[in-house]
Number of protein chains: 2
Amino acid sequence: MYAIEYGNDIFLIDCGNKFPDETLLGIDLIVPDITYLLENKERVRALLVTHGHEDHIGGIPYLLKQINVPVYATRFTLGLIELKLQEHKILREAELHEINSMTNLSFGQIKVSFFKVTHSIPDCLGIVIRTPEGNIVHTGDFKFDLTPANDEAAEIHKMAAIGEGGVLVLLSESTNAERPGATPSEQIVGEHVLEAIMKAERKIFLSTFASNVNRIQQVVDASIKANRKLALIGRSMINVVDVAIKRGYLTIPDGMLIDQEEINNADPEKVTILCTGSQGEPMAALARLSTGNYRGVDVLPGDTVILAAGPIPGNEINVTRIVDNLYSLGANVIYSSGKSTAMHVSGHGYQEDLKLLLTLMKPQYFIPIHGELRMLHQHRILAESVGVKEGHTFILNNGEVVDINRGDARQTRKVHAGNTYVDGIGIGDVGDVVLRDRKQLSEDGMLVTILTMSKTKKKLIGTPDTISRGFVYMRESEELLEKIDQVISRTMKEFEKSNKLNWGDVKRQIKKAVGQFVFNETKKKPMILPIIIEV
Amino acid sequence: MYAIEYGNDIFLIDCGNKFPDETLLGIDLIVPDITYLLENKERVRALLVTHGHEDHIGGIPYLLKQINVPVYATRFTLGLIELKLQEHKILREAELHEINSMTNLSFGQIKVSFFKVTHSIPDCLGIVIRTPEGNIVHTGDFKFDLTPANDEAAEIHKMAAIGEGGVLVLLSESTNAERPGATPSEQIVGEHVLEAIMKAERKIFLSTFASNVNRIQQVVDASIKANRKLALIGRSMINVVDVAIKRGYLTIPDGMLIDQEEINNADPEKVTILCTGSQGEPMAALARLSTGNYRGVDVLPGDTVILAAGPIPGNEINVTRIVDNLYSLGANVIYSSGKSTAMHVSGHGYQEDLKLLLTLMKPQYFIPIHGELRMLHQHRILAESVGVKEGHTFILNNGEVVDINRGDARQTRKVHAGNTYVDGIGIGDVGDVVLRDRKQLSEDGMLVTILTMSKTKKKLIGTPDTISRGFVYMRESEELLEKIDQVISRTMKEFEKSNKLNWGDVKRQIKKAVGQFVFNETKKKPMILPIIIEV
């Protein structure tokens, strides 16, 4: 999420979510920390949305619940945003405005216009914000594709005109700043999909991003040629295809779509099944199909499974695990192995695409966005190679601010920004302490030891009782648990002698003694939780 | 680990470890389950080791502790095995035999001989086991490199002779069966390392696999040319370099090696630092250097960091996180981005290498080994393309057996085999129940609720007490915890009415009621652990 401020106005661009990495145990989603915006609530004028991918719209429900700002997005993007708002039961309150690349918006001194870009989802925009200080351009996500699969050609002439008009600051995405060359055209995927579909002899399962409607159209077209019906599996595939059809982005002939229940009755040579899960998500359709756990549909020997999507970094292992499982079901699996990109091309511009955009825009200042630090650095190098002056590129962390004054830009302040964790329906209720506990619990489990103490005599009554979970299997470790109880009894005796019983000290001492004993015996470090009951 | 049985004799080939994936919470290591071997202990004649990588020797200490079988390995491989046995304090009892590619071993009717192969560690062997039924060949890990960095050329003529002599079964590794072409030569890395080292202006940190001694020799040679001293960081780097020098596999001129403590006193232009952690291991030197947490050595602006290793699948995210951190320290980072392989070549043969080996060996039967299922399938396709008959390839899971009788091979029985988990010093003491608990604890933490009950009146004394860890932060969730206590009190009232108190039922009912309540309120599913104290 980016915020552009001028005088009394704040404009937001995109509001996505991130997915947690493996260190954020149990976290479902990461959305922007909007503390700064809440502090300046009355100044936020609009949320401008470039396109409908999760990392650009996934945070919108969480934002609107706290700041009900008007949202501006294209027809298809709005369709996806509405799905989300419905799910969060806030669609009715939301103020949504449909725009297109011809729209001009005016907020006092600030004028906003747009230009079409090509990406891996329909209806994407770049944004131009005209301020009295100068023009600011935000590319959204983009690549150049001179032969796109549908009519989603980027408006190159408009971009050239924007550049001629003068760009003070360019914010451009950096996902593929490390990849040399130019992004291949989406048409290549269409050709390979057609070839694979014509060759397949039994059922075809094809998995791709539900939002890649142009690719889905190519699968539809190929299936028509192969005289195959089409079935959809997976909630997001069904929802997004529905939005795409209703809003006119996808054309499927009448009678071609069949229900999931009809798959088994259809001739295996006559059906293509589009399914979710191309990123290896464990609960999505493809993962469940690959282990024979999708109710009502089976991958059988001789079926063809096409993974028409590249794994996003971090998902490689999950994806390849699915490929292995599909092989063991006897399927013919077509996936991106080694260096082949046959069934997938990226939606993000490679180095030559990025340089072309920079050349068209000729910005005075440059802020590479949307990428890991190493990609931002590479993007800076690319920008300097096509004329951006040294020192005119700003590589920013969350919350860092570039201030512009009379054409002079400087990185100055920092505002409160960062990540908010969503866990279940809790937003921000899980912080570092809880995550640290989860980490310890996940690695070595826990030991709960209960001590019943006499309130009057300040003495242990009976023997302590120790319960373990996630540490070692209790039934097989009775001896160890008994020894732990002895350690506790011994520790308590020391305290009873000293005659000064402070429960805080007792707990600390037991934690230490038991922790040390357990580590010596097992080299494990479970969480130790002494509980004292006074009776 | 592979076992070859003939009559009363069992021969083992390699005994490695695997590293746990993210689902095996807290597990340190996976070693082979040797149940079958323990049942046939007196028949196990020898462990033959192809080379010294962890996935080929890491399980040896765990094996020898249970079956003290004689171990046969080359001089360098033995050096690495000895390090391990020393750590496990069983070096003295072990029976170790040094072999080389000329060695011939005889165990009754069975004769064993060897051939040199090239890989990414010195002193690698393939193995030929001659039985009265026919000859069995195991390749170990290999590639072909006609211009290797040192004198480790594979014995191609010997391989040809072995093939001419007749190979009944070939077991060949499959790691790169998905990659077209031939593996590039290690010399390429040497050239690029030299170029990078000559260009660097301040300190150089270079990270690679400690066991890739030939690559380290190239770094040494380049540093000599650049007039730089060499320092080593990281325990395994220091240990393995020590073995390599002492056994004659690595030549470092006198006075070139400096201690870690001397790095800061040296002229930054005059020092190369070799460090561990090229796979992004969080506790290794490179990760700690990248966050400024390596005591006594700092990566400073203008320093060069070279990652001369490709990330093993699954480690990409950890590696790129380090690259990002190094950038933010101001270092010049040279790593394998996009499709460049400048600083690394694989030690495993690509498709053309695999086909060459298959062509030389001309096996009657083929067992592709050492790879994920999809790679084994690809390897089968390669084998069939160079003449292995359809149906003569066996793709095996752990424990599956191929029986050969008068030249006729069939996949038949299954013996007990699989994974044993090592956690701390416990071997096999963590099983599915414990792992399931750890998973639940890691995702949503736990709630411990303590109920003090009157033994005589069978009634709750006072209010229940609930403690949470890893669920929500307790101080900020007092209201929720109070409500949970109310749910428990209410549940207990029901029981008290019914007058039949069975602690098992009480616990089950509380788990259910609290679980449901918590899920409705938070959509989280913590582990709920009711504890009843009778007083």
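The loop-placed GluC sites (Glu not before Pro) in the range B:188-219, going by DSSP, that have at most 15 neighbouring Cβ atoms within 10 Å of their Cβ come out as B:Glu201. With label points defined 7 Å past Cα in the direction of Cβ, position A:Glu496 shows copy-to-copy spacings of 3.2 nm, given to one decimal and shortest first. The three principal axes of the Cα atoms in the range B:431-534 give end-to-end lengths of 39, 35, 21 Å, sorted in falling order. Its DSSP H runs of at least 4 residues, each contributing -39,500 (n - 2.57), put the calculated 222 nm mean residue ellipticity of chain A at -10000 deg cm²/dmol, to the nearest 500. Going by alpha carbons, how many degrees (0 to 90, nearest 10) lie between the helix axis of A:316-328 and the longest principal axis of chain A? It is inclined by approximately 90 degrees. Which lysines, if any, have their Cα less than 19 Å from the Cα of A:Lys18, not counting same-chain residues under 8 positions apart? Straight-line reach from A:Lys18, under 19 Å: A:Lys65, A:Lys84.
Taking the Cα centre of chain A as origin and charging only Cβ (+1 Lys, Arg; -1 Asp, Glu), how large is the dipole, in debye to the nearest 20?
Values: 60 positive and 68 negative charges, 367 e Å.
Around 1760 debye, computed over chain A.
The distance between label points at A:Lys111 and A:Lys459 comes to 9.0 nm (points 7 Å beyond Cα on the Cα→Cβ vector).
Calculate, for B:Glu269 and A:Ser385, the FRET efficiency according to 1/(1 + (r/R0)^6) with r their C-beta to C-beta distance and R0 25 Å; round to the nearest 0.05.
Values: r = 27 Å, r/R0 = 1.10.
Computed FRET efficiency for B:Glu269 and A:Ser385: 0.35.
Think of each Lys and Arg Cβ as +1 and each Asp and Glu Cβ as -1; about the Cα centre, that makes the dipole of the protein assembly as shown roughly 2840 debye. Starting from the Cα of A:Lys523, move 7 Å in the Cα-to-Cβ direction to define the label point; list residues of the range B:415-459 whose amide nitrogen is under 17 Å from there. From the range B:415-459, the list is B:420-431. If you plug the beta carbon distance of A:Leu257 and A:Glu352 into 1/(1 + (r/R0)^6) with R0 = 45 Å, you get a FRET efficiency near 0.70. Annotation: average projected area of the range B:267-377 is 9.5 square nanometres, based on the convex hull of Cα atoms across all directions. Under 23 Å of direct C-alpha separation, and excluding same-chain neighbours fewer than eight residues apart, B:Lys199 reaches these lysines: B:Lys225, B:Lys229, B:Lys270, B:Lys339. Here the dipole of the range A:70-140 is about 100 debye; that uses its Cα centre as origin and unit charges on the Cβ of Lys and Arg (positive) and Asp and Glu (negative). Volume per residue for chain B equals 211 cubic angstrom (convex hull of Cα atoms).
For the protein assembly as shown, the Cα-based Rg and Dmax, in that order, read 32.2, 95 Å.
Quote the Stokes-Einstein diffusion coefficient, in whole µm² s⁻¹, for the range A:336-464, based on the Kirkwood radius over alpha carbon pairs, a temperature of 10 °C and a viscosity of 1.306 mPa s. Write down the numbers at each step before the final one.
Details: Rh = 20.7 Å.
In µm²/s, the coefficient rounds to 77.
Relative contact order for the range B:429-489: 28 percent, from Cα pairs under 8 Å spaced at least 6 residues apart, divided by residue count. Dividing the alpha-carbon radius of gyration of the range B:186-334 by the rule-of-thumb value 2.2 N^0.38 Å gives 0.95.
Considering only DSSP beta bridges where both residues belong to the range B:431-534, give the percentage that are antiparallel (nearest 5).
Numbers: 6 of 14 bridges.
Given both bridge residues lie in the range B:431-534, the antiparallel proportion sits at roughly 45 percent.
If eta is 0.890 mPa s and T is 25 °C, what Stokes-Einstein diffusion coefficient results for the range A:219-303, Kirkwood Rh from Cα pairs, in µm²/s? It comes out at roughly 181 µm²/s.
Step by step: find N for the range B:46-99, compute 2.2 N^0.38 Å, then divide the Cα radius of gyration by it. What's the final number? Before the final figure, lay out the partial values.
On the way: Rg = 9.6 Å, N = 54, 2.2 N^0.38 = 10.0 Å.
Relative to the rule-of-thumb radius for its length, the range B:46-99 sits at 0.96.
Roughly how many nanometres apart are two label points built 7 Å out from the Cα toward the Cβ at B:Lys199 and B:Arg75? It works out to 3.8 nm between the two label points. Legend: mean number of C-beta atoms from other chains within 10 angstrom of residue C-beta atoms, peptide B:288-301, equals 0. Entry for the range A:397-446 at q = 0.14, 0.32 Å⁻¹: log10 I(q)/I(0) = -0.59, -1.09, Debye formula applied to identical alpha-carbon scatterers, no solvent contribution.
Note: relative contact order over the range B:431-534, using C-alpha pairs below 8 Å and six or more positions apart, is 39 percent. Relative contact order of the range A:186-334: what whole-number percent is it, with Cα pairs under 8 angstrom and at least 6 residues apart? Once normalised by length, the contact order is 29 percent.
Regarding the range A:110-227, what is the average projected area of its C-alpha convex hull, in nm²? Walk me through the numbers before you get to the answer.
Numbers: hull surface 36.0 nm².
Seen from a random direction, the Cα hull of the range A:110-227 projects 9.0 nm² on average.
Qualifying trypsin sites (Lys or Arg not before Pro) in the range A:214-308, where qualification requires a DSSP coil assignment and no more than 12 other C-beta atoms within 10 Å, comprise A:Arg295.
Quick note: the coordinates plus some simple rules give every number you see, no bench work behind them. Just so it is clear, the model here is predicted, and its values are computed rather than measured. Cβ atoms come from the backbone with ideal geometry, glycine included; neighbour counts cover every protein chain shown.
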